[in-house]
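Down below is the structure, laid out as structure tokens.
The values are calculated or read from the model by the stated rules, or taken from the named source; none is laboratory data. Treat the numbers as computed from the prediction; the structure is a model and nothing was measured. Positions of Cβ are generated from backbone atoms using ideal geometry, with glycine treated the same way; all protein chains shown enter the neighbour counts.
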Amino acid sequence: MRKNRTFTMIKPDAMENGYAGLIIAHIEKAGFKLIAMKLTQLDKDSAEKFYEIHKGKVFFNDLIQYITSGPIIAAILEKENAVEDFRKLIGNTNPEEADEGTIRNMYAKSIDANAIHGSDSDENAQIEGDFHFSN
Ligand code: ATP
Ligand code: MG
């Protein structure tokens, strides 16, 4: 299968808990190559744009509050079947339902602070990567 790309963010809770290095090592061990990476922090406007698809949902305001609450690491990753394989690697949105050995199972505590993001389609991987690495 052709190599393709996905986009990830190590979220504020994982940064605060000191899990960034462990998570990046886990990602590399799983065969993903780092293409771009930066430490940054989203402001309210950027966060609302990034999560536009969730606007109107009950958890939207909490999500924006949380994702802007501290630094994140944004990265573009490359691997065969990147989007699907990375979603498997991070596990269920709710850490309590995430399989053993997944990043959310190991490093996340709750559905609203779930350690890591992974794009859900090739199209969104492109959009989200461009959003964070446009120059
Ligand atoms: P992500 O997009 O962060 O990789 P996901 O694709 O597994 O996560 P989405 O449905 O895209 O989940 O939701 C985006 C984020 O919004 C989730 O990571 C989670 O933090 C939050 N979220 C989703 N559903 C809920 C919910 N029911 N209650 C609280 N927060 C939620
Ligand atoms: Mg999502």
Need pairs with beta-carbon distance below 9 Å; first residue more than 13 Å from Ala113 (Cα to Cα) and in contact (Cβ under 8 Å) with a residue 40 or more places away in the chain and within the range 67-85, second surrounded by fewer than 17 Cβ atoms within 10 Å (Cβ to Cβ) and among the hydroxyl-bearing types (Ser, Thr, Tyr); sequence gap 6+ or separate chains. Pro71/Thr40; Ile73/Thr40; Ala74/Thr40; Val83/Ser121
Search the range 33-62 for residues that are farther than 29 Å from Lys79 by Cα and part of a loop (DSSP other than H, G, I, E, B) and pair each with any residue that is modelled with pLDDT of 95 or more and more than 14 Å from ligand 2 (Cβ to nearest atom) when their beta-carbon atoms are under 9 Å apart and the residues are at least 6 apart or on different chains. Asp43/Thr68; Lys55/Glu48
Within the range 1-13, of all residues that are touching a Leu at 6+ places or on another chain (Cβ under 9 Å) and of a type outside the set (Val, Ile, Thr), the one farthest from Lys79 (Cα to Cα) is Met9
Among what's in the range 111-127 and is outside any helix (DSSP H, G or I) and among the charged types (D, E, K, R), pick the residue that is nearest to Arg5 (Cα to Cα). Asp120
Hits in the range 107-135 - residues which are free of Cβ contacts under 8 Å to residues at least 12 places away in the same chain and away from ligand 2 (no atom under 14 Å from the Cβ): Asp130, Ser134, Asn135
Could you check the range 1-32 and list, in sequence order, the residues that are assigned to a strand (DSSP E or B) and among the aliphatic types (A, V, I, L, M)? Met9, Ile10
